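The values are calculated or read from the model by the stated rules, or taken from the named source; none is laboratory data. These numbers were taken from a predicted model, which means no experiment stands behind them. Cβ sites come from the backbone with ideal geometry, for glycine too, and all protein chains shown count toward neighbours. What goes into the accessible areas is simple: the full protein's heavy atoms, side chains included, and nothing from ligands, DNA or RNA. Shrake-Rupley method; radii C 1.70, N 1.55, O 1.52, S 1.80 Å.
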Amino acid sequence: MLLHQLTAKQIQDNIVKRKISCKEVIEDLFNRINEKDSLIKAYISLDEESALERAREIDGKLSNGEDLGVLAGIPIAIKDNICTKNMKTTCASKILENFIPPYDAFVVNNLRKEDAIIIGKTNLDEFAMGSTTENSAFQITRNPWNTEYIPGGSSGGSAAAVSTDIAFMALGSDTGGSVRQPASLCGNVGLKPTYGRVSRYGLIAFASSMDQIGSFTKDVCDAALLLRVISGYDCLDSTCSTLEVEDYVSHINGKFDGLRIGVPKEFFGEGIDREVRNALMNALEIYKKNGAKLIDLSLPHCEYAIATYCIIATAEASSNLARYDGVRYGMRNQLSDDSIMEMYCRTRAEGFGDEVKRRILLGNYVLSAGYYEAYYLKASKVRNLLKSDFDEAFKKVDCIISPTSPTVASKIGEKMTDPLEMYLSDVYTNIANLVGIPGISLPCGFTNSGLPIGMQILGRHFEETQILKVAKLFEMETGFHLKKPELD
Amino acid sequence: MEYDVVIGLETHAELDTDTKLFCGCSTAFGSEPNTQTCPVCLALPGVLPVINRKAFEHTVKTALALNCEINNFVNFDRKNYYYPDLPKNYQISQNYFNLGNDGFIELNVKGKKNRIGIHNVHLEEDAGKLVHPEASDASYSLIDFNRAGVPLVEIVTKPDMRCIDEVEVFMHTLRNILLYIGVSDCKMQEGSLRFEASISLCRKGAQVFGNRVEIKNLNSMKAVLKVLAYEISRQRELLERGEQIVMETRLWDEISAVSRRMRLKEESHDYRYFPEPDLVPILVDKKNIESIRMTIPELPTKRHQRFVSEYLISEYDAGILTESKSLSDYFEECVKLTSNSPKELTNWIINDVLRVLNEKKKEIQDFNISPKMLVELIEMKSEIGGAIAKEVFSEMSNTGKDAPTVVREKNLKPLSNTAELSSLVSEIIGANPKAVEDYGNGKESALSFLVGQSMKVTKGKANPKTLLEIFKEKLANSP
Amino acid sequence: MDIDSKEIIKLANLSRLKLDSRETDTFKTQLVKILDYVAKLDELDLDNVKPAFYNTQLKNVFREDILKSSYPQKTVLDLSPSNVNGFFKVSKIIE
Ligand SMILES: [Mg+2]
Ligand SMILES: [Zn+2]
């Protein structure tokens, strides 16, 4: 087997057993990146030099017999909306094109502490707004299974990098499905933890009450390994949980006793691809064969989720993105006699792409005088109804299974025309963000044309162990995750 | 035509904390620009706020001292508006669930008691400071973000004030309360205390208030009073000419002493308030409230009344003594240390202590003479005489030495040695035959003259009481 | 649902975005479409429903009033598009 095809855990075992050096891993990986990234365009920036230096340090530690972190030597890619000290963090936006944060995000700091090696920053829809990774100011990332197709989004760069074997792991962010959906479309494992499980400090905000950092990995075990490292209390994030972090890896292989899987009728209705539906039905059969009980249920307010999400996400975004004004950092566009107002308007018009502008406008609309009650307050109430729907459901079931996305990857350019249609495609994922529960997407089949299909497993708040375990069972029974795209 | 004046006031006071509201940067005043900033208070991408507990508790304390109801569910809201000194282009403030509501302040306006309603008390962050270069042709402005994120308590009154005198007393009373409870240093020259006023005029006795004008940019209490006087006459003139008052925001121009339109009501900001998702709500339970209430000292109005009734000093004097908490503490400490009358202590403090503090531009906390030292001096007065006591006081205030030391070092101890004084008296009697004769003829004032002569010779050091006795004795025995 | 162009211009100002007339038209059409869609929420009777603003059960999260070191002036000014004498620099602000 080729080095780059190994999982993170496997590569680390090899490093720790000193079968290969960290340096070799990095060199091999960068060779592959140089070969393949031009086809996929997963990375916005790469830092081979620092990666090699870090590799040498870790090799040094290893030969000195020093203690190593739990991610020692594992090369990891970071979505370019997560701040990395002394390394450009652009949000795929012209407005932050040359922004170099003077600090590390909490998760990045944890990765460094555990001796992971940060290799580069991956492409995304500008400010994580989009589901295709076409809304990047710099490049369009392609789906490794077919480069004519989108990788999904907004964390399309991270998803594509892992599936292309040009990163062993990657971090993304998930506000409405931006980890799970591209994982599904690219055929790898995407985990969105519970809101508050992973600190948001250093994640460039899109919608604060729903943003959550998540991971892309080649299998479930790696997801468990990475979650352990990025989770935990952070005194710099007021919304970050103080609950103790579990040892996910050692719990994912457990046996189930009467697992109850919820199958919400709303997630298998109109608009779902036939092939996606079939793959999901087969998957449910596999669980049944393994002793799980399938329970039909209803989440009655599901149909209002997209509308609710649209209001809350854009309202928060309009305010979160107000700070990009050309005063303290980032781009400034100004004619010599511009007033400050003109400078603001010109900078932001030039710095933001259409999707971002659209959401800023919409967010300001729903918050503006006289509309707060009609939109934001109303949406917040529906959000409560959605929470109750899930509370009720989780009294009867241990997890909920659905497709991650109603369709597989679409062709590049296909969805750009109608923003509303794009928002609607997040139908199965954004509900988890509205209510804050964890979700995982993993491959559960392929279409005839060879595109991956993803299955989503949703769990109760802070029950990441449970969904990882449920996912792991499927992975062992099927092995879809082992299939690799052929890239020439 | 007679008009009623309706005035409301918004006060912002910087809370006395070591660090900013949402980050660990210092709140110290007067540092080099942009040296007290960090990613959080500069609103760099990806940062998040965490509330300073002390700032929150200070706000609760303020609300309690202003007799507010404390909301048991408190959260923060974003107030969205663009201004270059506001790093996030929204201010984290409170709108939907203010910390305190519906309180009041009791005023004493020229002996008349009055209550001004407090609409709400809430916590928010300050903005940075804009600096406009002196040169009038400068085409740019500068920003210092050191102040950005400093905690502010905002106190909003109901439109309960009806004249400028009331406003003046209100501002002083409020400032005094904030100082008493120790939540703010209220230094106006450092911008720790700032006001915004709203004012409307209506026909006397009318049920409906007139259109409101808001005035910003008031950096001193004097400016508040001046702008209100200006606005009253401006609005009255307009009304008398039959014109309408427009709802607007005006700025006070200190130099030209006029107010100018900043924006009309229709142009007013659309703040798009919504709950701050980066912070979690705060539940304030009864226990919290009570434990904070315990830290509130006796407030100035109450202390004022108590001083009058307990120490039998005048309303006026009690007013001066309670003007600052530390001064009134000083006074009470003195009272406790002596059996001398509080009235005498009051005179010393008001006439001498305050004069010296004023001259030296010092606060009572930094005063050289402790209550114990002052009391010791006052108790020595009967022995050394008033004139010397004043001299000793002045020396003490300069050097910080106590009274006995000053008296000893400057050799100010009165001559009470009877033998010494006796020979002095004989000398004076010999040298002033005319006065002696007058006294013999029943002219009592001659005796004072003789005592005075002795004091002159001893440079005031003789004990006048002893002197008098010796004179009487000698003159009675003389042929 | 309809939004007139005046409203879009006001909205663009509120958003600090300079839009040309083509953008104004496109955004207007798209916004109207999205707002028509979200009007779906009007189907629900929400009179007795409490809003859920937060996605966490956490309450009373504070930090203590303890000084941390700030960033050096140079570090923060180096991020800025324009600065002079230790200050961030912008066009003249006229109040
Ligand atoms: Mg305010
Ligand atoms: Zn700071």
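Key figures
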{"quantity": "Interchain or long-range residues, amide H under 5 Å from B:Cys25's placed H", "calculated": "B:Lys20, C:Lys68"}
{"quantity": "DSSP beta bridges in chain A [antiparallel fraction, %, rounded to 5]", "calculated": "65"}
{"quantity": "Degrees, to the nearest 10: C:5-14 long Cα axis against longest axis of chain C", "calculated": "30"}
{"quantity": "Per residue solvent-accessible surface (Å²) - chain A, probe of 1.4 Å", "calculated": "31"}
{"quantity": "Computed over chain A: relative contact order in percent, which uses C-alpha pairs under 8 Å that are six or more apart", "calculated": "17"}
{"quantity": "Cβ charges +1 (Lys, Arg) and -1 (Asp, Glu), total dipole of the range A:32-80, debye", "calculated": "240"}
{"quantity": "Using alpha-carbon coordinates, inclination of helix B:464-477 to the longest axis of chain B, degrees", "calculated": "20"}
{"quantity": "Pairwise label distance in nanometres, A:Lys395 with B:Lys302, each label 7 Å out on the Cα-Cβ vector", "calculated": "5.0"}
{"quantity": "Accessible surface, per residue, of the range B:418-477 when the full set of protein chains is kept, probe 1.4 Å, Å²", "calculated": "59"}
{"quantity": "D (Stokes-Einstein, µm²/s), Kirkwood Cα radius, the range B:170-279, 1.567 mPa s at 4 °C", "calculated": "80"}
{"quantity": "Lysines whose Cα lies under 24 Å from that of B:Lys472, excluding same-chain neighbours fewer than 8 positions away", "calculated": "B:Lys381, B:Lys413, B:Lys434, B:Lys443, B:Lys456, B:Lys459, B:Lys461"}
{"quantity": "A:Met169 long-range amide H proximity, modeled H, under 5 Å", "calculated": "A:Ala77"}
{"quantity": "Computed over the range A:303-378, Cα set: Rg, Dmax in Å", "calculated": "14.5, 51"}
{"quantity": "Value of relative contact order over chain B, rounded to a whole percent, pairs C-alpha under 8 Å and six or more apart", "calculated": "14"}
{"quantity": "Relative frequency of Cα-Cα separations exceeding 14 Å in the range B:418-477, percent", "calculated": "47"}
{"quantity": "Spatially proximal lysines relative to A:Lys255 (Cα-Cα < 25 Å; intrachain offsets below 8 disregarded)", "calculated": "A:Lys9, A:Lys192, A:Lys218, A:Lys288, A:Lys289, A:Lys293, A:Lys395, A:Lys396, A:Lys469, A:Lys472"}
{"quantity": "Backbone HN-Hα couplings from phi across the range A:126-137 [Karplus 6.51/-1.76/1.60, Hz, Gly and Pro as x]", "calculated": "3, 6, 6, 9, x, 10, 9, 6, 8, 8, 9, 6"}
{"quantity": "Percent accessible area from carbon and sulfur atoms, the protein assembly as shown, protein chains only, probe 1.4 Å", "calculated": "49"}
{"quantity": "Cleavage-rule hits (chymotrypsin sites (Phe, Trp or Tyr not before Pro)) in the range B:167-219: DSSP loop, at most 16 neighbouring Cβ within 10 angstrom", "calculated": "B:Phe209"}
{"quantity": "Positive-end residue, the range B:418-477 charge dipole about Cα centroid, Cβ charges, pick of B:Ala462, B:Val425, B:Gly440", "calculated": "B:Ala462"}
{"quantity": "Shape of the range C:24-95, Cα gyration tensor, a/c cut at 1.5", "calculated": "oblate"}
{"quantity": "In the A-C interface, the accessible area buried, summed over both sides, Å² (probe 1.4 Å)", "calculated": "5200"}
{"quantity": "Within the range B:418-477: Cβ-based charge dipole about Cα centre, in debye rounded to nearest 20 (Lys, Arg +1; Asp, Glu -1)", "calculated": "220"}
{"quantity": "Mean Cα-pair separation over length for the range B:300-403, i.e. relative contact order, pairs under 8 Å, 6 or more apart, %", "calculated": "22"}
{"quantity": "For B:Leu447, solvent-accessible area (1.4 Å; no DNA, RNA or ligand), Å²", "calculated": "10"}
{"quantity": "Cα-based shape type of the range A:82-211, given that a ≥ b ≥ c are square roots of the gyration tensor eigenvalues and the cut on a/c is 1.5", "calculated": "rounded"}
{"quantity": "At 0.692 mPa s and 37 °C, Stokes D of the range B:226-266 from Kirkwood alpha-carbon radius, µm² per second", "calculated": "303"}
{"quantity": "Inter-label distance, nm, simple model (7 Å from Cα along the C-beta direction), B:Glu32/B:Asp102", "calculated": "5.2"}
{"quantity": "Enclosed volume per residue, in Å³, of the convex hull spanned by Cα atoms of chain B", "calculated": "235"}
{"quantity": "Those residues of the range B:91-127 whose amide nitrogen sits under 15 Å from the label point placed on C:Lys59, 7 Å along Cα→Cβ", "calculated": "none"}
{"quantity": "Chains B and C together, accessible area buried on both sides, 1.4 angstrom probe, square angstrom", "calculated": "3900"}
{"quantity": "q = 0.05, 0.10 Å⁻¹: log10 I(q)/I(0) that the Debye formula gives for the protein assembly as shown, counting C-alpha atoms only", "calculated": "-0.43, -1.20"}
{"quantity": "Local electrostatic count at B:Leu337 - Lys and Arg +1, Asp and Glu -1, tallied over other residues with Cβ under 12 Å", "calculated": "-2"}
{"quantity": "Separation in nanometres of the label points that stand 7 Å from Cα toward Cβ, at A:Leu2 and A:Met476", "calculated": "3.0"}
{"quantity": "Efficiency of FRET between A:Glu35 and A:Ile286 - r from beta-carbon atoms, R0 30 angstrom, step 0.05", "calculated": "0.25"}
{"quantity": "Chain A: DSSP helices with Cα axial extent of at least 18 Å and average Kyte-Doolittle hydropathy no lower than -1.0", "calculated": "A:22-40, A:274-289, A:305-320, A:354-367, A:378-396, A:464-478"}
{"quantity": "Per-selection Rg to Rh, the range B:300-403 - Cα, Kirkwood hydrodynamic radius", "calculated": "0.95"}
{"quantity": "Test item: Cα-centred dipole of the protein assembly as shown, Lys/Arg +1 and Asp/Glu -1 on Cβ, debye", "calculated": "1140"}
{"quantity": "Dipole-positive endmost among B:Phe331, B:Leu99, A:Leu473 within the protein assembly as shown (Cβ charges, Cα centre)", "calculated": "B:Phe331"}
{"quantity": "For a label point 7 Å along the Cα-to-beta-carbon line of B:Glu243, residues of the range B:204-228 with backbone N under 17 Å", "calculated": "B:211-214"}
{"quantity": "Backbone N within the range B:62-77 under 14 Å of label point (7 Å from B:Arg293 Cα along the Cβ vector)", "calculated": "B:62-72"}
{"quantity": "Separation of alpha-carbon centers, the range B:401-454 and the range B:244-313, rounded to whole Å", "calculated": "63"}
{"quantity": "Å² of accessible area per residue within chain C, as computed with a 1.4 Å probe and no ligands counted", "calculated": "58"}
{"quantity": "Modelled FRET efficiency - R0 41 Å, A:Cys235 with B:Ser370, Cβ distances, 0.05 increments", "calculated": "0.40"}
{"quantity": "Cα convex hull of the range B:283-326, projected area averaged across orientations, nm²", "calculated": "3.9"}
{"quantity": "At least 40 Å² of accessible area lost relative to the chain alone, listed for the range A:411-426 with a 1.4 Å probe", "calculated": "A:Leu420"}
{"quantity": "Ranked by how many other beta carbons lie within 10 Å on average, peptides B:199-207, B:464-472 from highest", "calculated": "B:464-472, B:199-207"}
{"quantity": "Pairwise burial B:A, computed as accessible area of each alone minus the pair, summed, 1.4 Å, Å²", "calculated": "2700"}
{"quantity": "Cross-link reach list, lysines versus B:Lys187, counting only Cα pairs under 23 Å and skipping chain neighbours closer than eight places", "calculated": "B:Lys20, B:Lys54, B:Lys61, B:Lys129, B:Lys216, B:Lys222, B:Lys226, B:Lys325, B:Lys360, B:Lys361, B:Lys362"}
{"quantity": "Charge dipole (the protein assembly as shown, unit charges on Cβ, about Cα centre) - positive-most of A:Asn14, B:Val5, A:Ile360", "calculated": "B:Val5"}
{"quantity": "Alpha carbon centroid spacing (whole Å) that separates the range B:190-223 from the range A:90-116", "calculated": "48"}
{"quantity": "Burial of 20 Å² or greater, the range B:47-74 residues [accessible area, probe 1.4 Å, versus chain by itself]", "calculated": "B:Val47, B:Leu48, B:Val50, B:Ile51, B:Asn52, B:Arg53"}
{"quantity": "Segment B:Lys361-B:Arg203, length gained on full extension (0.36 nm per residue, minus Cα span)", "calculated": "52.3 nm"}
{"quantity": "The range B:98-191: GluC sites (Glu not before Pro) falling in loop per DSSP and having at most 11 other Cβ within 10 Å", "calculated": "B:Glu134"}
